[in-house]
Amino acid sequence: MKNLPCTNIKVSRIAENARQMKAKCQSLGINLTGVVKGAAGDLRVAEAFLAGGINSLGDSRLKNIKKFKEAGLSAEFMLLRLPDPRRADEVVELADISLNSELITLKALGEAARAQKKLHKVIIMVDVGDLREGVLPGEIKDFLAEARHISSIEIIGLGTNVGCYGGVLPTPENTAELVELKSQLEASLSIKLEVISGGNTATTVLLDQGKMPAGVNHLRVGEGILQGTDITNQRELPGFNQQNIALSAAVIELKRKPTVPRGTLGHDAFGQQPSFVDKGERLRAILAVGRQDVRIAGLKPSLAGAEIIGASSDHLLLDVTEAGVDLKVGDIIDFELDYGGMLSAMTSPYLARNYLQ
């Protein structure tokens, strides 16, 4: 393996997860958008989602959707991040559906759709407590009363998001809010809301518990397919492949050193004031990967007994005293990645990509 540091991407296992997630959702009458944003526009990963039978792909970056379309991927494309109204032309051109919560943006999308002679589909996001995006439930009726008159825009349903900002866990109660709002709004405004998009990977816990409220007919799932995990609920998805995207880096120094620096201590390169526990001399490995490459807090060494003790922009420091293997300079150490680690690793231009079947 010459191109180090690198991510190791198991595309066939991702495709298996996509197939399994689609089947699980289909069995309950739920449509699935596969969220590929965590792979930062990687074509091979997007193709794995499609190979798993998913025909709707969601991403937060227009640049990635454009890349997929130019590569000839055949799918429905959903823009997940709320659109910037100044980019309404691009949104309408590239995305089939977008998630929205602002009237000014819907009006801009309507103007762009009319100019392009298109009908742009939108899902209106409702904030059920996580305090990220969405119209508050008490304001949604007035919002839709105005939004429904915007021409060239088709409001196909309601959606929500939990877990990503406030860490609010999905429950049958907060997820059912959308279903209750749908009934109320359809009756009071004489409109039809076909889609109830109940959330993301975090909401799959309700699938596994058999507690998904009736009426939820759409989910947007990325992490669960990419890594087989659900970090919001701190769980692995039962029966899914885990750690389909991992990281490898090479040892570039291996020495016994003290555990407390010598000299007057100030702040590190990131403005933090580190603290140290004196454990005497320990065997330390320095690896050729750092904070500019990946989110260090998202790494877990696969080497038993190894412990991350710190990192600078370019170097990762491991205590390998208890590793129980005869390491040498040039050896490769693998790391598991949580969602944040995966996201930063796939976004980094400094990590090569190694595709595994």
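Any idea which of Thr33, Leu43, Pro5 is furthest toward the positive side of the dipole for the range 1-74, if Lys and Arg beta-carbons carry +1 and Asp and Glu beta-carbons -1?
Result: Pro5, furthest along the dipole toward the positive end.
Expected output is a single nm value to one decimal: the length gained when fully extending between Arg86 and Ser313, i.e. 0.36 nm times separation in residues minus the C-alpha distance. What is it? Write down the numbers at each step before the final one.
Details: separation 227, 0.36 × 227 = 81.72 nm, distance 3.51 nm.
Gain in length upon complete extension: 78.2 nm.
Sticking with the crude label model, points 7 Å out along Cα→Cβ, report the distance from Ala269 to Glu194 in nm, one decimal please.
5.3 nm
Quick one: net charge of Gly129's neighbours, Cβ under 12 Å, K/R +1, D/E -1? Show your work: numbers first, answer last.
Numbers: positive: Arg132; negative: Asp127, Asp130, Glu173, Glu177.
Net charge in that neighbourhood comes out at -3.
Taking a label point 7 Å from the Cα of Ala187 along the Cα→Cβ vector, which residues of the range 110-140 have an amide N closer than 20 Å to it?
What the label zone holds, given the 20 Å backbone N cut-off, is 137-140.
From Cα pairs below 8 angstrom and at least 6 apart in sequence, can you work out the relative contact order of the chain, rounded to a whole percent?
That works out to 18 percent.
Using 0.36 nm times the number of residues separating Gln116 and Cys164, minus their current alpha carbon distance, what extension gain do you get?
Length difference between fully extended and current span is 13.9 nm.
For the range 1-109, which trypsin sites (Lys or Arg not before Pro) pass both filters: DSSP loop (anything but H, G, I, E, B) and at most 11 other C-beta atoms within 10 Å?
Within the range 1-109, the qualifying trypsin sites (Lys or Arg not before Pro) (loop, at most 11 other Cβ atoms within 10 Å) are Lys2.
State the Cα centre-to-centre distance between the range 252-328 and the range 341-355 in whole Å.
Computed from Cα coordinates, the inter-centre distance equals 21 Å.
For the range 10-236, what proportion of DSSP beta bridges, expressed in % and rounded to the nearest 5, is antiparallel?
Percent antiparallel among DSSP bridges in the range 10-236 is about 5.
Here are several values of Cα Rg over 2.2 N^0.38 Å: [x] 1.13; [y] 0.96; [z] 1.07. Which one was derived from the coordinates shown?
Comparing each candidate, only [x] matches the computed number.
With just the Cα atoms of the range 1-152, tell me how far they stretch along each of the three principal axes, in Å, largest first.
Its Cα atoms span 56, 34, 28 Å along the three principal axes.
As a quick test, which of the pairs Lys67/Lys328; Lys10/Lys117; Lys67/Lys182; Lys24/Lys63; Lys22/Lys63 have an alpha carbon distance above 32 angstrom in this structure?
Check vs 32 Å cut-off fails for Lys67/Lys328; Lys10/Lys117; Lys67/Lys182.
Find which of Ala306, Val329, Gly263 sits farthest along the positive direction of the dipole of the range 245-356, computed with +1 on the beta-carbon of Lys and Arg, -1 on that of Asp and Glu, about the Cα centre.
Towards the positive end, the residue furthest out is Gly263.
Bear in mind that the values in this text are calculations on the coordinates, not laboratory data. As the structure is a computational prediction, the values presented were derived from the model and not from experiment. Note that each Cβ is placed from the backbone with ideal geometry, even for glycine, and that neighbours are counted across all protein chains shown.
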